[in-house]
Each structure stands twice: as structure tokens, then as C-alpha cells.
Amino acid sequence: MQNFFRYFFIFFFINYHVYGDDALYSIKDNQVFLQNDNNILDLRESAKFIAFENAFSILVKKIIEPKDLIKLNRLEDVSVEKLVNDYKITNEDISEISYSANISVNFNQNLILQFFKKNNIRVQTLVSDIYLIFPILKKFNTFYLWEKNNNWYNSLKSEYDNDGLLKLYFPEQNHLNKLRISSDHILNNDFETIKNFLKIHKKNKAIIIVLEETFDNDLKKFKTQVDLSLLEDNYKETIKIFGKTKYEENSSTSQIKLVSKIVINELQNWWKLKVDDLESQTEEIKELFVEHNFLNLKKNIFVENILKKIFSNDEVTLTQINSKSAYFKILSSSSIDKINLSLETYGLTLKQKTKNIYFIEEIN
């Protein structure tokens, strides 16, 4: 019983932004190459500065929408070094004519967020739920999915950044997955087969990425077309991410590698815009009451820790607790869809009970 009393003093907060995983602020594999001028200390200092700038550029692309980059570019004398927690130099190679090193950079999460807030630059760090990827390649009227020679699969996976905001899952290219589902099942909207495949891999959503590559004998050029769709709850929706200037539809060489890079980058932007759209739906601060029915104290602590990890700034107060349930009052300007988008990564969701009363439950 004593363990329960501590809950009456718990306060935690919900904010406009979700901070995301710590890995988001750790930028690895910054390769730096310099000419050796015989001063190793100066070379290391120069390499460190270059790595910091490169790592900051990578981080910015992850958490800032392209339309807001112009604000950052207008800033003068940005002291990136002051935003760094620590760094590590590995694979240092020094020859008579050159210097090279791999420098990993860890940024300070709080300082990064304060920096952008101070300069009125919107930051989006909400990590998505995991989307299972169906990378279908149509080439010479043949469809490829789990086959080892599906270069579209390999290119997309190699371009994917595990530490990005959008979390993707690529099922293994093996015989078992080939038996479970084919490109025909997916393209013909066989939702039952798709649902079973998602369940096997413990995922709730999928993104279909179809690349069709043909060769025009008259023009002597490859023609490339890409279509993307979102699959969720037996519903299929087209994802529109491409502008006319993203890539050339007709090219003298295969564009699979180039297009895969563009697709992964555009999907990251699609996710940030998806969250931004939900944030634009927010209204004035409103009062919500949330009930959490738990089987044991451990489960309630789990939910509490997830909420603490995700949210900050708007006050949430524990108003009542008994042996089976905890009740919270939440003051938030975020929409329910925005809150659920934050919670679904951890397998949780809010369900409406009455007008402004909700309960937390696990996603099946």
C-alpha cells in the first residue's frame, strides 16, 4: 500500500514537441579527410570542427522541415561546438600526405531544443510507430518482392537511417516470407493476407513502395515511376511525396539507387508534415480526464514512465488512485490524434469514454 502513496505527488507534463530517442542526437560515422600539414594537433582540431558542422547539418535535416531551413541559414555565427556533449575519434589514419578520421558526435538534447526555440525555428522530433515496408520492383513485366535480386529492396534498406524520426521495418528476404505473401496479394488489396503478415511481424501499419522500371528501345532510355501507399486498418491511401523536379522520369541509366535515396528522404519529410498537420488542428488549452486500468503496479509505472519520457510542459495531475486504476487530469492544447500519434510508438492509445473522459489501453 505504501507504494501507492507516492503517486499522489507525481506531476508530469505534455508539450508541443516530443523529444524522441536519445539516439536521434547522436550522429555517427562522420568521415573527415584532410591534407597533412605536419601539425597533428591542428589537424585534429580542424577535423573536429568539420565533423561538428557535418553532424549538425545531418541532425537539422532530421528534425526541421525543409521550409524552415531558410530561417537557420539566415543565422550568423552559429556556435555548433557549444551544442555538443561529447565526441569520439576512431579509425584515425595519418600518412605523410593525408589525415583521415571517423568522428562520432553526441549533441546535448536540451541545448539543441533551446537553441531552436530561441531562434523561433520549429522542431519536430516525434518518433513514429514502426511501418513495415513492402518494396515491390516491377522490371521487364516481372514483379520482385522477397527475391534476393530485388535491387529496389536492397537500395531502400541501405538508404534508411535507423536513428531517424520515421521508423521502418524491412522483413527478411527469405523463402518463408515468399510463402506468406506475394506482390499479387499486396497489389490486389488482399487485406486479410496483409493483415496476417503484419500480425506475424508484430506490426500495425505498412507502406507499399512500388518502383516500375522499363526501357524504351526507341529513346534508348530507362523510364522510372514510383508509387507509394499507406496501409492501415484495412484501408489503403496514396502517399504523395514527389514533386516534378525530384528525379528524371527518363534516364540513360538505371535510377534505382538515386530514387531510393529520394524516397527515404521524402518519407522522413512526409512523417514530419503528418505530425505538423495534426499540430495545426490544435485548439485552445482544454481539460481532459484520463483513466488507466492496470493489472499490477508494474504496468502502471510503465505507463507513467512512457508519459514522462514523451511529454513535457503542460501539467498533468494524478487525481486519484486505487488498487486497479489511476486517474489523471490533463491540461493540453494538443489534439487527441496528436497525443495518440505520440503514444502509439509504445503500444498505447487513448479511447474516448464520454465527452472529455478517456482511458488508456494497449494496442492489440
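How high is the FRET efficiency from Glu249 to Lys205, r the C-beta distance, R0 25 Å, rounded to 0.05? Calculated transfer efficiency: 0.30. Other residues whose C-beta falls under 13 angstrom from the C-beta of Leu156 contribute a net charge of 0, scoring Lys and Arg +1 and Asp and Glu -1.
Between amide H atoms placed 1.01 Å from N, distances below 5 Å from Ile136 occur with Ile209, Val210, Leu211, all of them 5 or more places distant or on a separate chain.
About its Cα centre, the dipole of the range 22-118 is roughly 640 debye, where the only charges are +1 on Lys and Arg Cβ and -1 on Asp and Glu Cβ.
Each Lys or Arg adds one and each Asp or Glu subtracts one; over the other residues with Cβ under 9 Å from the Cβ of Ile89, this totals +2.
Put the Cα centre of the range 317-346 next to the Cα centre of the range 42-114 and the gap is 37 Å.
Apply 1/(1 + (r/R0)^6) to the Cβ-Cβ distance of Lys28 and Leu258, taking R0 = 22 Å, and write down the FRET efficiency to the nearest 0.05. With a Förster radius of 22 Å, E is 0.40. Of the residues Asp337, Asp184, Asp129, the one with the fewest other Cβ atoms within 10 Å heads the list, and the complete ranking is Asp184, Asp337, Asp129. In order along the range 35-43, the phi-based Karplus estimate (6.51 cos²θ - 1.76 cosθ + 1.60, θ = phi - 60°) of 3J(HN,Hα) comes to 7, 7, 9, 6, 10, 5, 4, 5, 4 Hz; Gly and Pro are listed as x.
Return the FRET efficiency for the residue pair Asn188, Ser98: r is the Cβ-Cβ distance, R0 is 56 Å, and the value is rounded to the nearest 0.05. In this case the efficiency is close to 0.50.
You can think of it this way: the chain between Glu81 and Asn141 has 16.3 nm of extra reach, that is 0.36 nm per residue less the Cα-Cα gap.
Per the Debye formula on identical point scatterers at the alpha carbon atoms of the range 130-278, with no solvent, log10 I(q)/I(0) at q = 0.11, 0.14, 0.21, 0.22 Å⁻¹ is -0.42, -0.68, -1.48, -1.59. Taking only Cα atoms and a 10 Å spring cutoff, compute GNM fluctuations for the chain and point out the largest among Lys220, Lys62, Lys195. The residue that fluctuates most here is Lys220.
Listing Ile200, Ile70 from fewest to most neighbouring C-beta atoms within 10 Å gives Ile70, Ile200. Averaging over all projection directions, the Cα-based convex hull of the range 22-118 occupies 6.7 nm² in the image plane. By other beta-carbon atoms within 10 Å, ranking His292, His175, His201, His185 with the fewest at the front produces His175, His201, His185, His292. Net charge in the neighbourhood of Arg180 (other residues with Cβ under 15 Å of its Cβ; Lys, Arg +1, Asp, Glu -1) is 0.
Quick note: the coordinates plus some simple rules give every number you see, no bench work behind them. On a predicted model such as this, the values are computed, not experimentally measured, just so you know. Cβ atoms come from the backbone with ideal geometry, glycine included; neighbour counts cover every protein chain shown.
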